[in-house]
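Colleague: Would you mind keeping the following structure in view while I ask a few things?
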Amino acid sequence: MSRPGQDLLVSIDGPVATLTINRPAKRNALTLAMWRELAAICAELDADPRLRVLVVTGAGPSFCAGADISSLSEDEAVLKEVVEDAERALRNLAMPSIARISGHCFGGGNQIAVACDLRVADSSASFAVPPARLGVIYPVGSTRALVELVGPAAAKRLIFTAQPIDAAQALRIGLVEQVVEPDELDAAVAELVAAILPLAPMTQFAGKELVNLIADGGNADAAFERWTARWRLSADGVEGPRAFLDRRQPVFSWRPEPSDPETR
């Protein structure tokens, strides 16, 4: 999947898509156009029934050092809408997403990482929420997602001080789920992907939607009933228990239908 301008690169390897933020000379700082493109990419990925996992990473030594400061000259309302649309698209992506983090993960980069489902970092990673340095109000959606992940006190400290924290601190407060040495990062991400792929995609996609709805105060009960109805009609509802009784690895066949909004 090629992208105009190549500031965001997408590669697909079987059921795994990798999105690379590709401005290494600028430590992968995000322009307004890149935020727009991120939302469009998520829509395209969601429409591909082959895909099971998305990995988000940065080219070079940094994940993403934040927003390109020139973007702050854009109309505030436009910038807010574009960034929130991109975060929402990534957070609501039907498939599981993993942020692969090294080096700087500041500002907009931290927003992207938090919008992913899981975060694996290496020991070189550092994290910051810097709007207080610029006199900018941190968006409601970004603040809510940060609070859900690290809790109110840790979120306040990050926002109040704008000070970077290292990977060990990020792990301690729950901003990331795993920290490894730099030469182990690719293997750690691959191991996590390998743990996801053999299992039931319907369970994973439904689980992601339900967790997000519960966190956001949405109607998780209705979503559960919808997914349960789909499960009853699927071959996987029979295959899983049968494979368990046969003491073999199940072969799950369900895949989301791009035209069916109930899978999204």
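What follows draws every value from the coordinates through simple rules; no lab data is involved. Bear in mind the structure is a predicted one, so any value in this text is a computation, not a measurement.
Colleague: Among (1) 58, 40, 40; (2) 56, 38, 33; (3) 57, 50, 39, only one was calculated for this model; which label is it, if the read-out is Cα extents along the principal axes in Å?
Modeller: (1)
Colleague: Another question, if that's okay. Using a Gaussian network model on the chain with a 10 Å cutoff between Cα atoms, which of Asp236, Asp183, Asp48 fluctuates the most?
Modeller: Asp183
Colleague: How far is helix 32-46 tilted off the main Cα axis of the chain, in degrees rounded to 10, range 0 to 90?
Modeller: Rounded to the nearest ten degrees, it is 0.
Colleague: Against the longest alpha carbon principal axis of the chain, how many degrees, from 0 to 90 and to the nearest 10, is the axis of helix 236-246 turned?
Modeller: Rounded to the nearest ten degrees, it is 70.
Colleague: Still on this model: Roughly what angle does helix 152-161 make with the longest principal axis of the chain, taking Cα atoms, 0 to 90 degrees, to the nearest 10?
Modeller: So the inclination is approximately 30 degrees.
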